[in-house]
1. So which of Y157, Y99 ends up being assigned to a loop (DSSP other than H, G, I, E, B), modelled with pLDDT under 95 and closer than 19 Å to H63 by Cβ?
2. Going by the structure shown, is L166 away from the ligand (no atom under 16 Å from the Cβ) and either part of a loop (DSSP other than H, G, I, E, B) or aromatic (F, W, Y) (or both)?
3. Filter segment 1-20 for residues that are under 13 Å from the mean Cα position of the chain (by Cα) and more than 21 Å from H63 (Cβ to Cβ) and give the result.
4. Which condition from (1) surrounded by fewer than 16 Cβ atoms within 10 Å (Cβ to Cβ); (2) assigned to a loop (DSSP other than H, G, I, E, B) is the one that N217 breaks?
5. Pairs please, first residue from segment 64-88 and in contact (Cβ under 8 Å) with a residue 40 or more places away in the chain, second anywhere and aromatic (F, W, Y) and surrounded by 11 or more Cβ atoms within 10 Å (Cβ to Cβ), Cβ atoms under 6 Å, 6+ apart in sequence or on different chains.
6. Evaluate the following for E201: is it buried (at least 24 other Cβ atoms within 10 Å of the Cβ), under 24 Å from V88 (Cα atoms) and among the acidic types (D, E)?
7. Restricting to segment 176-209, and then to whatever is of a type in the set (S, T, Y) and more than 16 Å from the ligand (Cβ to nearest atom), can you tell me which residue is nearest to D151 (Cα to Cα)?
8. Would you check which residues across segment 33-64 are within 11 Å of the ligand (Cβ to nearest atom), not in a loop (DSSP other than H, G, I, E, B) and not hydrophobic (A, V, I, L, M, F, W, C) and list them?
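The values are calculated or read from the model by the stated rules, or taken from the named source; none is laboratory data. Bear in mind that the values here come from a model prediction, so they are computed numbers and not experimental data. So basically every Cβ, Gly included, is an ideal-geometry build from the backbone, and we count neighbours across all protein chains shown.
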Amino acid sequence: MIFETHAHFDDEAFDKDRDSLLSSMQQNGIGTIVNATASRKTVEQSIELTKKYPFIYTTIGVHPSDCDEMDDDELKWLEEMCSYDKAVAVGEIGLDYHYDEPSKEIQKKWFEAQIEMARRVKLPLIIHSRDAAKDTLDIMKALRSEEIGGDIHCFSYSVEIAREYLNMGFYIGVGGVITFKNGKKLREVVEYAPIDQIVIETDSPYLAPEPYRGKRNSSLNLPLVAQRIAELKGLTTEEVIEITEANARKLYNL
Ligand SMILES: [Zn+2]
């Protein structure tokens with residue numbers, strides 16, 4: 001069954017129909033979902049979801065755009081949450097230079113602190129990196145992140161950068177962008193990357209694949225992503241679903 005490696009079902013976009021939508025997942029072939037967190041509030045909401053649905057797991061982490069008010073107490077709290085038995089990764093953490101705030105210094109500080117946390121709690125990293133290719137790679141190399149492992153979610157960089165992460169043993173997270181007209185760069189990365197280092201994700205409610213671009217996304221759209229990868233790799237959609245599920249189980253130790 002399909003393994004959704006990254007979605008945000010705690011988002012208010014799902015407030016009206018969250019339960020009916022999540023209840024329909026397994027009968028539609030979505031076997032497992034990892035709900036990604038971005039802040040203390042979303043960690044709490046995400047843990048609630050994992051308690052309600054046996055097939056949902058959670059990451060634990062603060063997103064670079066949400067780390068402006070982070071402090072040592074919050075880091076300590078996050079580390080405690082990592083011992084929860086359905087916590088499967090530290091994320092999404094990283095750098096996002098698309099907006100000016102929080103400052104690069106603050107983002108780097110908490111990115112590094114959460115990588116070290118992942119090392120202590122022995123969970124893989126879910127990396128968010130936007131417009132920050134060099135700094136992200138520099139920090140990850142300096143902190144020997146290849147010893148921790150994980151996934152570069154919603155991968156948006158070139159084949160050259162992909163090669164670095166693949167050589168470090170990381171997985172490349174591929175979502176709806178692969179179906180976009182302007183998704184050529186990601187299609188080149190997928191053509192280049194070994195299929196056993198690719199996982200699929202939606203980043204719901206964002207980044208719905210064609211023909212639903214701009215609408216609310218959900219894991220039910222993942223067959224469209226798998227289909228596009230299959231075309232690029234000369235595989236069947238079923239094979240892509242099967243292989244990426246096995247990859248995701250390795251990534252999250254499930
Ligand atoms: Zn996300």
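1. Y99
2. Taking the combined requirement at face value, the residue does not satisfy it.
3. Within segment 1-20, F3 is the sole residue that qualifies.
4. Result: N217 passes all but (1).
5. Between residues of segment 64-88 that are in contact (Cβ under 8 Å) with a residue 40 or more places away in the chain and residues that are aromatic (F, W, Y) and surrounded by 11 or more Cβ atoms within 10 Å (Cβ to Cβ), the close pairs are C67/W110; M70/W110; V88/Y57; V88/Y252.
6. Spelling it out, E201 is indeed buried (at least 24 other Cβ atoms within 10 Å of the Cβ), under 24 Å from V88 (Cα atoms) and among the acidic types (D, E).
7. Selected residue: Y192.
8. N35, T42, T59, listed by residue number.
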